[in-house]
Amino acid sequence: MRVDPAGLPFIGGALAVALVVGYFAGWRVASVFVALALFFTFFFRDPERVPPAGDDQVLSPADGRVLVAGAPQPESAPPGAWQQISIFLSPMDVHVNRMPVAGTVTSVRYHPGKFLPAYKREAGDLNEHTEVTLDHGGQTLVVRQIVGILARRIVCRVKEGDVVIAGGRFGVMKFGSRMDVFVPQGSTLRVRVGDRVSAGLTVIAVLPEGPHRGTQA
């Protein structure tokens with residue numbers, strides 16, 4: 001199975017420590033660091049996935065459990081008329097992020113903030129996050145990678161002007177986090193609070209017909 005490159009320093013570091021500790025203190029003690037390297041390998045796993053076809057479908061950008069599905073939380077929503085889907089990622093979930101739709105990246109913004117538990121309502125507004133805005137055939141979608149109490153590092157590998165495909169990899173969040181997706185208000189949601197979703201596979205919404213552009217500040 002593929003491992004995301006962001007995990008290689010963690011895996012290599014744990015194995016290096018295991019070698020040093022094994023040499024000086026014995027392999028029984030070193031086994032703790034070998035187990036840590038195995039956990040990092042598991043955490044940064046990146047399974048191959050084949051997205052379902054459908055230009056009007058919005059795919060889940062992350063593995064995890066749905067926290068919000070419906071009206072946006074007003075304190076954290078971008079300007080405009082939206083519906084919101086929020087997904088909580090536990091440390092056991094795949095943390096590689098995938099694009100919900102095909103289109104063009106119109107902006108990437110980093111917002112410094114706090115490190116509250118990602119499942120808390122206020123985390124979407126107050127926590128550190130990266131916001132990616134997409135243009136999908138005249139329709140605007142917003143995706144946010146949000147850190148949590150454990151996830152202190154966001155990797156976002158797209159920039160303004162990039163052309164992306166639905167289900168394509170675009171980043172990773174480390175050690176527990178949250179993903180917020182804002183879709184046009186007229187979209188039909190396909191998930192409910194409590195549902196489990198898989199990045200690049202689960203259809204979380206269907207877009208309305210015709211352009212619908214949110215107003216970004």
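If the condition is being in contact with a strand residue (DSSP E or B) (Cβ under 6 Å, 6 or more places away or on another chain), under 19 Å from PRO117 (Cα atoms) and not in a strand (DSSP E or B), then segment 73-93 contributes only ASP93.
Residues of segment 140-155 that are more than 13 Å from PRO78 (Cα to Cα) and touching a strand residue (DSSP E or B) at 6+ places or on another chain (Cβ under 6 Å): GLN145, ILE146, VAL147, GLY148, ALA151, ILE154, VAL155. Residues in segment 40-72 that are out of contact with any Gly (no Cβ under 9 Å at 6 or more places or on another chain) and either in a helix (DSSP H, G or I) or hydroxyl-bearing (Ser, Thr, Tyr) (or both): 1 in all. Restricting attention to segment 8-31, the residues that are out of contact with any Ser or Thr (no Cβ under 7 Å at 6 or more places or on another chain) and within 22 Å of PHE44 (Cα to Cα) total 13. Looking across segment 195-217, the residues that are at pLDDT 80 or above, touching a strand residue (DSSP E or B) at 6+ places or on another chain (Cβ under 8 Å) and open to solvent by 40 Å² or more (accessible area, probe 1.4 Å) come down to ASP195, ARG196, LEU201.
For the residues ILE149, ILE165, ILE154, the requirement of being under 16 Å from ASN127 (Cα atoms) and over 14 Å from the mean Cα position of the chain (by Cα) singles out ILE149.
Only one of the listed residues (GLY168, GLY186) is open to solvent by 10 Å² or more (accessible area, probe 1.4 Å), within 17 Å of THR140 (Cα to Cα) and not β-branched (Val, Ile, Thr). That residue is GLY186. Could you tell me whether segment 138-154 includes any residue that is hydroxyl-bearing (Ser, Thr, Tyr) and farther than 21 Å from LEU207 by Cα? No, that holds for no residue.
Contact annotation: residue pairs with Cβ atoms under 6 Å, 6 or more positions apart or on different chains, pairing a residue in segment 1-22 that is over 11 Å from VAL34 (Cα atoms) and open to solvent by 30 Å² or more (accessible area, probe 1.4 Å) with a partner that is aromatic (Phe, Trp, Tyr) and assigned to a helix (DSSP H, G or I), are PHE10/PHE40. Here ALA118 clears all of (1) of a type outside the set (Phe, Trp, Tyr); (2) buried (at least 19 other Cβ atoms within 10 Å of the Cβ); (3) part of a loop (DSSP other than H, G, I, E, B); (4) more than 18 Å from the chain's Cα centre (by Cα) except the condition numbered (4).
Test PRO78 against the stated conditions and say whether it is within 16 Å of the chain's Cα centre (by Cα) and open to solvent by less than 40 Å² (accessible area, probe 1.4 Å). Taking the combined requirement at face value, the residue does not satisfy it. Counting residues in segment 96-103 that are over 24 Å from THR188 (Cβ atoms), assigned to a strand (DSSP E or B) and aliphatic (A, V, I, L, M) gives one or more. Among the residues making up segment 35-59, those that are under 15 Å from PHE10 (Cα atoms) and either touching a Leu at 6+ places or on another chain (Cβ under 7 Å) or of a type in the set (Lys, Arg) (or both) are ALA37, ARG45.
Per the conditions (1) open to solvent by 60 Å² or more (accessible area, probe 1.4 Å); (2) modelled with pLDDT of 95 or more; (3) farther than 23 Å from GLY171 by Cα, the sole criterion not satisfied by ARG28 is (2).
Note on segment 81-100: among residues that are open to solvent by 40 Å² or more (accessible area, probe 1.4 Å) and closer than 21 Å to GLU128 by Cβ, the one that is modelled with the highest pLDDT is PHE88.
The values are calculated or read from the model by the stated rules, or taken from the named source; none is laboratory data. Note that the coordinates shown come from a computational prediction; the quantities given were computed from them, not determined experimentally. Every residue, glycine among them, receives a Cβ derived from its backbone with ideal geometry; neighbour counts consider all protein chains shown. Only protein heavy atoms, including side chains, enter the accessible area calculation; ligands, DNA and RNA are left aside. Shrake-Rupley method; radii C 1.70, N 1.55, O 1.52, S 1.80 Å.
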